[in-house]
Amino acid sequence: MKRAVFPGSFDPITLGHVDIIERALPFFDEIVVAIGVNEAKTYMWSLEERMAFISEAFAGNSKIKVMSYKGLTAAFCKEQEATCILRGLRNTTDFTYEQTIAQANDLVNGVDTVFLMCSPQYSHISSSIVRDIARNNGDFSSLVPAPVK
Ligand code: ADP
């Protein structure tokens, strides 16, 4: 069973995340979309809401599981017997950030990371942009899947 863990805050899930998940599906038997819970962070949407958005966006797709976890992503991957971590890349800023984490996860925990380059039409989308628009009562509907709208 080839299982990947796609970790993130997903506050909220965007069309960029959906694109990465859909394009990664042919490579894996199962993708666990895993919401990392960081007690020190505050979120715009509750954990329950964020999990519901993802579950609804992929309703009927038995290859997608939605879970939450605390602590190290690599430890969660081992617990889930996942083959690798899945991450999306938008630009060199993402790359620089992801490189260190991926190398540490490999060296310290022996967990590999698989990267997919985002599709060009989604490279401007981030959860933080959606939150900024939401905070200012703007229309973010073109950036997110239907359940978030
Ligand atoms: P984190 O809080 O760990 O950065 P996010 O929920 O923001 O989590 O993102 C999770 C993953 O999705 C990361 O690998 C991030 O680079 C990727 N991602 C975010 N937005 C996009 C996008 N528009 N296109 C492709 N990948 C994206």
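General observations
- Degrees between helix 47-57 axis and first principal axis of the chain (Cα, 0 to 90, nearest 10): 90 degrees
- Taking amide H as placed 1.01 Å from N in the peptide plane, residue 86 has its amide H under 5 Å from the amide H of 5, 6, 114, each at least 5 places away in sequence or on another chain.
- Whole-Hz ³J(HN,Hα) from phi, Karplus 6.51 cos²θ - 1.76 cosθ + 1.60, for the range 88-98, glycine and proline x: x, 10, 9, 6, 5, 5, 4, 4, 4, 5, 6
- Charged side chains reduced to their Cβ positions (Lys and Arg at +1, Asp and Glu at -1) give the range 58-149 a dipole of some 300 debye around its Cα centre.
- Residue-by-residue Karplus 3J(HN,Hα) for the range 60-73, coefficients 6.51, -1.76, 1.60, Hz, glycine and proline x: x, 9, 6, 7, 9, 10, 10, 9, 10, 8, 10, x, 6, 4
- Neighbour-count ranking [beta-carbon atoms within 10 angstrom, fewest first] of 5, 32: 32, 5
- Converting the Cα gyration tensor eigenvalues of the chain into ellipsoid dimensions via √(5λ) gives semi-axes, longest first, of 24, 17, 16 Å.
Every read-out reported here was derived from the displayed coordinates using simple, explicitly stated rules and does not represent laboratory data. This one's a predicted model, so the numbers in the text were calculated from it and none came from an experiment. A quick note on method: Cβ atoms are made from the backbone with ideal geometry, for glycine too, and the neighbour counts reach across all protein chains shown.
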